[in-house]
Amino acid sequence: MLVLKFGGTSVGSVKNMTNVKTIVSEGGRKVVVLSAMSGTTNALVEISNTIKDGKTEAALQLVEQLHQKYIEVANDLFSNQEYVNASLSYIEEVFAELKACASKPHSQLLYNIIVSKGELLSTFMFSRFLQQDGKKARLISALDFMRTDRNNEPDAFYIKQNLNRILAEDKDAEIFITQGFICLDADGNTSNLERGGSDYTASIIGAAVKAEEVQIWTDIDGFHNNDPRFVHNTDAISHLSFDEAAELAYFGAKILHPQTVMPVRDLEIPVRIKNTMEPKAFGTLIDDKAEGEGIKAIAAIDGITAIKIKSARMLQAHGFLKKVFEIFEKYHTSIDMITTSEIAVSLTIDDDTYLKDIVMELEEFSTVEVDTHRTIVCVVGNNIANHPDTHKLFQILQDVNIRMISYGGSNNNISLLINTSDKVETLQKLHRYIFEMSLA
Ligand code: ASP
Ligand code: MG
């Protein structure tokens, strides 16, 4: 069994949906996971925010705009009028619910219900699109098997039991289509795996059905060795280990949801990134093998806050770091980079929701300095911490103002904290010296 996930752009137009139809029509039985059509989840989030602001009329207008877009898609997608009508009546149902949401009091649950509609619409239409062509396609609802537990983690046992039962019920179907992103929470309410979560859905499903491979189909031919938005002449990377991919996915390469490799890595199920617009391109294969030497990729993540915690009492004192970490744990804020000296520790966070409270508590026993608008540049490769060329990184970066360095945390990663205003230049410089000139 294969699991194929298609992102928002891949199902974002009639033309692209036609490409996806060709791709999923090949090969054996498979589960196809879809995102919402591109732009839809953002539009739904805006609707939810507008309701939250109490602007009912404005929210209704936004709902109507999106409604018109879907009516157009339904008319363009199908040639058979019966299918157009079936889609239109589903669309009416969904948008009637969205309109009703506009006058309800806002809550997290209301938000979850509103944003779930994007995937429900795309999967309904795409499954009918395949059926119109006589394909043995069956729509299955993620809400019948995808569920999180009390810790907000996917409930692997529940998912496995229910999904395999549902798949076994229909021996004829060749293409099962389901929604990415959406799920039920432990209380059985509509919820989701957070923005970008469809990739994660695909690998959770991959693990549940012990797939041969999980394929993430997107609008780029795999992970690139640098950020193509800021650097010219980047190349796709043909192979990454699970560890390398996890580092890159977290550090800014927006291609894959950072959790994606987790469910499949222990089962050694490969993940392949493919380009829907160029299906013949190799893409990136991610598996348990570590290959090659030296630096393979550079990525950057913005919006980082650095916190320096200084205390004379840290000197030769044990338990200082524990005290610091406990505060971050209390506020559910995860730490990304960390460096220490004998009297100070610097660390970074990307979620500053509780920054004020955290700083207040740290100040009870230390002096705290906070720098916002920082960027982590992350250099990834197999065994780079030990590679003879790695020290040259520092030569290349001699003019860049580096605030923190994390080296040796893993063999696959070196992270540098810089000012966001230096990011583009740093990425370009590293690219030139590492990939274009070869370190000399
Ligand atoms: N549609 C959701 C989003 O835009 C989930 C996804 O596409 O992965 O975040
Ligand atoms: Mg995505």
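The values are calculated or read from the model by the stated rules, or taken from the named source; none is laboratory data. In this text the structure is predicted, and so the values were computed from the model without any measurement. Using ideal geometry, Cβ is built from the backbone for each residue, glycine included, and neighbour counts are taken over all protein chains shown. Please note that ligands, DNA and RNA were not included when accessible areas were found on the heavy atoms of the full protein model with its side chains. Shrake-Rupley method; radii C 1.70, N 1.55, O 1.52, S 1.80 Å.
Could you check LYS296 against (1) open to solvent by less than 70 Å² (accessible area, probe 1.4 Å); (2) farther than 23 Å from VAL231 by Cα; (3) of a type in the set (D, E, K, R) and say which number it fails?
In the conditions (1) open to solvent by less than 70 Å² (accessible area, probe 1.4 Å); (2) farther than 23 Å from VAL231 by Cα; (3) of a type in the set (D, E, K, R), LYS296 misses (2) alone.
To keep it simple, each residue is scored yes or no on (1) part of a helix (DSSP H, G or I); (2) touching a residue at least 60 places away in the same chain (Cβ under 8 Å).
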residue	(1), (2)
CYS101	yes, no
PRO105	no, no
ASN112	yes, yes
LEU120	yes, yes
PHE129	yes, yes
ARG138	no, no
ASN151	no, no
ASN162	yes, no
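Table: residues versus (1) out of contact with any Ser or Thr (no Cβ under 8 Å at 6 or more places or on another chain); (2) surrounded by fewer than 18 Cβ atoms within 10 Å (Cβ to Cβ).
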{"site": "ARG128", "(1), (2)": "no, no"}
{"site": "ASP144", "(1), (2)": "yes, yes"}
{"site": "ASP149", "(1), (2)": "yes, yes"}
{"site": "ILE159", "(1), (2)": "yes, no"}
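I'm checking my understanding of the structure. Among residues of the range 23-65 that are free of Cβ contacts under 8 Å to residues at least 60 places away in the same chain and within 12 Å of ILE175 (Cα to Cα), which one is least open to solvent (accessible area, probe 1.4 Å)?
The qualifying residue least open to solvent (accessible area, probe 1.4 Å) is GLY27.
Could you give every pair whose Cβ atoms fall below 9 Å, whose first residue belongs to the range 352-367 and is β-branched (Val, Ile, Thr), and whose second residue is open to solvent by 100 Å² or more (accessible area, probe 1.4 Å) and part of a helix (DSSP H, G or I), counting only separations of at least 6 or pairs across chains?
Listed pairs, sorted by first residue: ILE358/LYS330.
State whether one or more residues within the range 218-238 are under 13 Å from the mean Cα position of the chain (by Cα), on the phi > 0 side of the Ramachandran plot, within 16 Å of ligand 2 (Cβ to nearest atom) and small (Gly, Ala, Ser).
There is no residue in the range 218-238 that is under 13 Å from the mean Cα position of the chain (by Cα), on the phi > 0 side of the Ramachandran plot, within 16 Å of ligand 2 (Cβ to nearest atom) and small (Gly, Ala, Ser).
So which of LEU417, LEU397 is buried (at least 17 other Cβ atoms within 10 Å of the Cβ), modelled with pLDDT under 90 and at negative phi?
One residue alone meets the criteria, LEU397.
Scan the range 194-208 and report the pairs whose first residue is polar (S, T, N, Q) and whose second residue is assigned to a helix (DSSP H, G or I), with Cβ atoms within less than 8 Å and a gap of 6+ or a chain change.
SER198/GLU119; THR201/ALA142; SER203/MET262; SER203/PRO263; SER203/VAL264
Could you identify the single residue in GLU57, GLU26, GLU64 that is within 20 Å of PHE129 (Cβ to Cβ) and more than 24 Å from the chain's Cα centre (by Cα)?
The conditions single out GLU26.
Would you list the helices (runs of 4 or more DSSP H) that sit entirely within the range 187-281 and hold 1 or more residues that are open to solvent by 30 Å² or more (accessible area, probe 1.4 Å), away from ligand 1 (no atom under 16 Å from the Cβ) and within 30 Å of VAL45 (Cα to Cα)?
242-250
Run ARG195 past the list (1) within 16 Å of ligand 2 (Cβ to nearest atom); (2) at pLDDT 95 or above and report the number of the one that doesn't hold.
Exception for ARG195: condition (2).
With the checklist (1) open to solvent by 40 Å² or more (accessible area, probe 1.4 Å); (2) at pLDDT below 95; (3) within 18 Å of ILE418 (Cα to Cα) in hand, flag the one item THR339 doesn't pass.
(1)
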